[in-house]
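To keep things clear, I will list the structure first and then write my remarks on it.
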Amino acid sequence: MRRREFITLIGGTAAAWPLAARGQSALPVIGFLRDTPLADATHLVAAFRQGLKEAGFIEGQNVMVEYRSAEHQPHRLPALVADLVRQQVALIVGNTPSALAAKSATTTVPIVFVTGGDPVMQGFVASLNRPGGNATGVSFLTSASGTKRLELVRQLMPKPAAIAMLVDVNPNLPSGTTCCASGPT
């Protein structure tokens, strides 16, 4: 082979390689998992998509999302998580029950959770200071912040005649939702 032919061959291969590699590379996939029907969470899906967009991710263009729902059948969550892990998703996003199922199934896939309870007590993280592991997320800490809310009410109304607290004691939720009110009795 002559030198000129060799350079042309190498140059053509080098120019074609990025195109071939680009055609083979797949978009990153996010697993969106819930224990409740997705039809009941259309506003959450819309907010999720908006958040992705604000971060520069457009579904179908530079990221794919695999939506899964256990449809109020929590025993289905482990199989749904296993399916997402088999698909080698980049991360799994889930509400409390689904994120806990993901946490039980994998230590390598990042998990983003949303919970109203204490992530330490629920087993998502080792501590708030040093969470460790593969889970991160948002916690509303409703059980832990109840005392703080009561303190704030007392600061706003130092001598209320009565303080009432409404608590949702739904046993299916990891922690109740609280609301405080004060005023004359």
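Read-outs: derived from the displayed coordinates by stated rules, not from any lab. Note that the structure is predicted; figures quoted are calculated from it, not measured. Note: ideal-geometry Cβ built from the backbone for every residue, glycine included; neighbour counts use all protein chains shown.
Computed over neighbours whose Cβ is under 14 Å from that of Ala41, the net charge equals 0, Lys and Arg +1, Asp and Glu -1.
Since only Val120, Gln61, Gly133 are under comparison, the one whose Cα sits farthest along the positive direction of the charge dipole of segment 27-140, derived from C-beta charges on Lys, Arg, Asp and Glu, is Gly133.
With +1 on each Lys and Arg Cβ and -1 on each Asp and Glu Cβ, and nothing else charged, work out how big the dipole of segment 27-140 is about its Cα centre, in Debye to the nearest 20.
Numbers: 8 positive and 8 negative charges, 40 e Å.
My answer is approximately 200 debye.
Rounded, prolate or oblate: which one fits segment 72-116, using the alpha carbon gyration tensor with axes a ≥ b ≥ c (rounded when a/c is under 1.5, else prolate when a/b beats b/c, else oblate)? Walk me through the numbers on the way to the answer.
Working: a/c = 1.95, a/b = 1.16, b/c = 1.69.
Oblate.
Answer rounded, prolate or oblate for segment 27-140, using the Cα gyration tensor with square roots of eigenvalues a ≥ b ≥ c: rounded when a/c is under 1.5, else prolate when a/b is larger than b/c, else oblate. Don't skip to the end; give the middle numbers.
Details: a/c = 1.38, a/b = 1.25, b/c = 1.11.
Since a/c stays below 1.5, the shape of segment 27-140 is classed as rounded.
Ranked by the mean number of other Cβ atoms within 10 Å of their residues, highest first, the peptides 72-85, 49-62, 119-132 fall in the order 72-85, 119-132, 49-62.
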